[in-house]
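Working notes, structure below.
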Amino acid sequence: MTEYRKISDVLLRPDNDARLGLGRYKKSLLAAICLLLSVFCPLAAADGIAVNKAEARLGEDGYQLSASYDVNLTFAAQQALSRGIPLYFVGEFSLTRSRWYWLDEEIFQGEQTVKLSYNVLTRQYRISRGALFQNFASFEDALNILARQSSAAIPAELMKKDGNYIAAARLRLDVAQLPKLLQVNALTGRDWDLNSDWYRWVIRPAEMTVRGEGKAE
């Protein structure tokens with residue numbers, strides 16, 4: 001009877017190699033899941049608009065503010081665009097001079113509306129600024145144009161050479177121009193949250209000859 005029990009114990013006892021193999025499998029599975037999360041989670045979090053670079057240039061017509069953005073449409077925005085619903089973006093720029101004794105002086109304030117649309121029949125994307133437009137075969141090419149925004153020229157005499165100025169830039173989706181039903185969705189969720197928020201940098205005209213680049217504060 002004792003010998004039978006010993007044989008039974010051997011048969012029922014989990015094999016060490018099997019346990020090690022199962023452990024390795026679990027670890028490999030967890031590692032694979034972590035890798036997938038590390039790849040796809042940042043992509044999901046990247047939806048939105050962020051400033052990539054902003055600068056001020058001095059030319060013959062005066063100063064000009066410009067900014068380039070990283071634009072990643074949300075899934076809801078991409079779906080609406082693919083169904084022929086146009087998206088309107090507003091590029092905004094401002095320039096102020098700080099005054100310790102009073103409110104900041106506004107030197108310049110301007111904005112421009114850019115329309116991004118898709119023609120389902122021709123399968124082409126279009127960027128429109130007022131009466132001007134340009135067609136693109138790919139979505140990426142259209143986004144590259146949308147991502148580059150520039151202000152109107154600011155007369156050089158409006159800025160004193162020895163002054164310090166605060167420039168600001170922002171790009172946002174104009175949800176007021178969405179269809180009414182989508183406007184309601186935009187107010188109640190983050191599916192339409194496409195707004196870079198204001199990006200500010202300092203401009204010192206005395207240090208500028210041809211161009212001056214700005215950094216985030």
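Coordinate-derived values only; no laboratory data. Since the model is a prediction, treat every value here as computed from it, not as a measurement. Reconstructed Cβ throughout: ideal geometry from the backbone, glycine too, with neighbour counts over all protein chains shown.
Can you give the FRET efficiency for LYS161 and GLU111, using 1/(1 + (r/R0)^6), R0 = 30 Å, r = Cβ-Cβ distance, to the nearest 0.05?
Details: r = 27 Å, r/R0 = 0.91.
That pair, LYS161 with GLU111, gives E of 0.65.
What is the count of Lys pairs in region 49-214 whose alpha carbons sit under 26 Å apart, if the two are 8 or more places apart or on different chains?
Working: LYS53/LYS115; LYS53/LYS160; LYS53/LYS161; LYS115/LYS180.
Taking the Cα cut-off of 26 Å, the pair count is 4.
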(request) Please work out the Cα center distance from region 79-133 to region 138-199, rounded to the nearest Å. (result) 5
(request) Obtain the nm distance between the two label points defined at ALA206 and ARG148 by a simple spin-label model: each point lies 7 Å from its Cα along the Cα-to-C-beta direction. (result) 3.4
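Highest mean first, what order results for 153-163, 51-61 on Cβ atoms within 10 Å?
The peptides rank, most packed first, as 51-61, 153-163.
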(request) Could you grab the relative contact order for region 49-214? Cα pairs under 8 Å, six or more apart, rounded to a whole percent. (result) 31
(request) Would you kindly derive the ³J(HN,Hα) couplings of region 161-166 from the backbone phi angles with the Karplus curve 6.51 cos²θ - 1.76 cosθ + 1.60 (θ = phi - 60°), listing them in order in whole Hz, with x for Gly and Pro? (result) 4, 9, x, 10, 10, 10
(request) Return the distance in nm (one decimal) between the two label points of a simple spin-label model at GLU140 and LYS53, each offset 7 Å from Cα along Cα→Cβ. (result) 1.9
(request) Output the peptides 131-137, 182-188 sorted from most to least packed, where packing is the average of other Cβ atoms within 10 Å over each peptide's residues. (result) 182-188, 131-137
(request) Just rank SER151, SER82, SER68, fewest to most, by other beta-carbon atoms within 10 angstrom. (result) SER82, SER68, SER151
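Report the full-extension gain for the segment LEU103 to PHE75: residue separation times 0.36 nm, less the Cα-Cα distance, to one decimal in nm.
Working: separation 28, 0.36 × 28 = 10.08 nm, distance 4.16 nm.
Extending this stretch completely gives an extra 5.9 nm.
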